[in-house]
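All remarks here apply to the structure that follows.
No value in this document is a laboratory result; all are computed from the given coordinates. Everything quoted here is computed from the prediction, not taken from an experiment. Please note: Cβ atoms are built from the backbone with ideal geometry, for glycine as well, and neighbour counts cover all protein chains shown.
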């Protein structure tokens, strides 16, 4: 690993970062990106690029399209970075929720074709789980994680549970679960002094026990995929620790859909390990925004459009 860039980490966004038109300029300007989109369309057997570039929005926001669209955009951007700046080798990689699969490509553990089909399967299974066990998610602003853990435990019962889904940054936590338990937790959070409580516009309870059906089927798919030991350290969502071999990668993925995304701890771990600059690879700048709230001294840039690559040379 070249020493000059080992203080840099690559971050990959998950669901919620999508927007219609994502990747279009990238593909128009970089043949390498166009090639990735064409390969994806061919592998999937339908025009994912058309959905990503033209919408309509509700079609892109359907999780079976959202997840592969974000994945393809991230990998197209990654390939351009690798082509333009071959010496830019990250000290760590990590991805938020579905972004962990993009990060596995960057870590050298997974090939693009298998990764894409795995992401597509993940979206299909999560959509099915949402239909079988409908629930919801809510963002809670301004409460600490310990208070929210107590609220979720108190709001859960034998039939309906709610739990922390994403610990995004201090003061921004997403909870997820069965609708009745979710409503109880939202009310309790307001009473406990939450600055804001917002029910998210999703009908799936990601990262909760309601994903059990999806997780079981996803585990079989994960078992059928060929992974290799990572060439670059990758931090897993479930344990917020480095995944050092194929077994640890599979263990993390095979618990991910029902488990909390420990994003705050993930960033803190990388900061402790000496990472100073974070490059968010993909659409929008959601993770770069969270970064500042986790650690004010951490520097983050977002790369996903043709003009963004100019931000990279100062880091080399």
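A few remarks follow.
- Crossing angle, helix 212-224 versus the chain [Cα axis fit, 0-90 degrees, rounded to tens]: 30 degrees
- Both radii were evaluated on the Cα set of the chain; the Rg over Rh quotient, with Rh as the Kirkwood radius, amounts to 0.95.
- The simple spin-label model puts a point 7 Å past each Cα toward its Cβ; for residue 62 and residue 50 those points are separated by 1.3 nm.
- Percentage, to the nearest whole number, of Cα pairs in region 224-316 over 17 Å apart: 59 percent
- Taking every alpha-carbon pair within region 1-137, the share separated by more than 24 Å comes to 29 percent.
- Degrees between helix 246-256 axis and first principal axis of the chain (Cα, 0 to 90, nearest 10): 40 degrees
- Rg to Rh, two decimals, where region 135-202 supplies the alpha carbon set and Rh follows Kirkwood: 0.91
- Share of alpha-carbon pairs per 5 Å distance bin for region 162-289, given as whole %: 2, 9, 15, 19, 19, 17, 11, 6, 2, 0
- Length added when fully stretched, residue 268-residue 20, from 0.36 nm per residue minus Cα-Cα: 86.1 nm
- Under 14 Å from the residue 293 label point (7 Å along Cα→beta-carbon), backbone N, region 134-157: 138-145
- For the chain, the longest principal axis of the Cα atoms and the long axis of helix 145-155 meet at an angle of about 50 degrees.
- Region 231-274 - Kirkwood radius from inverse mean 1/r over Cα pairs (Å): 10.6 Å
- Placing a label point 7 Å from the Cα of residue 316 along the Cα-to-Cβ direction, the residues of region 271-293 whose backbone N falls under 17 Å from that point are 279.
- Cα convex hull, region 86-162: 152 Å³ per residue, rounded to a whole number.
- Put in order of Cβ neighbour count within 10 Å, fewest first, the listed residues 218, 92, 71 become 218, 92, 71.
- Percentage relative contact order, the chain, counting C-alpha pairs under 8 Å, at least six apart: 23 percent
- Each pair of Cα atoms in region 120-160 enters the Kirkwood radius, and Stokes-Einstein at 37 °C and 0.692 mPa s then converts it into a translational diffusion coefficient of 260 µm²/s.
- Cut-off 18 Å (backbone N to label point 7 Å along Cα→Cβ of residue 255), residues of region 204-221: 207-220
- Unit Cα scatterers, Debye sum, region 96-222: log10 I(q)/I(0) for q = 0.14, 0.22 Å⁻¹: -0.64, -1.16
- At 1.567 mPa s and 4 °C, Stokes D of region 6-83 from Kirkwood alpha-carbon radius, µm² per second: 102 µm²/s
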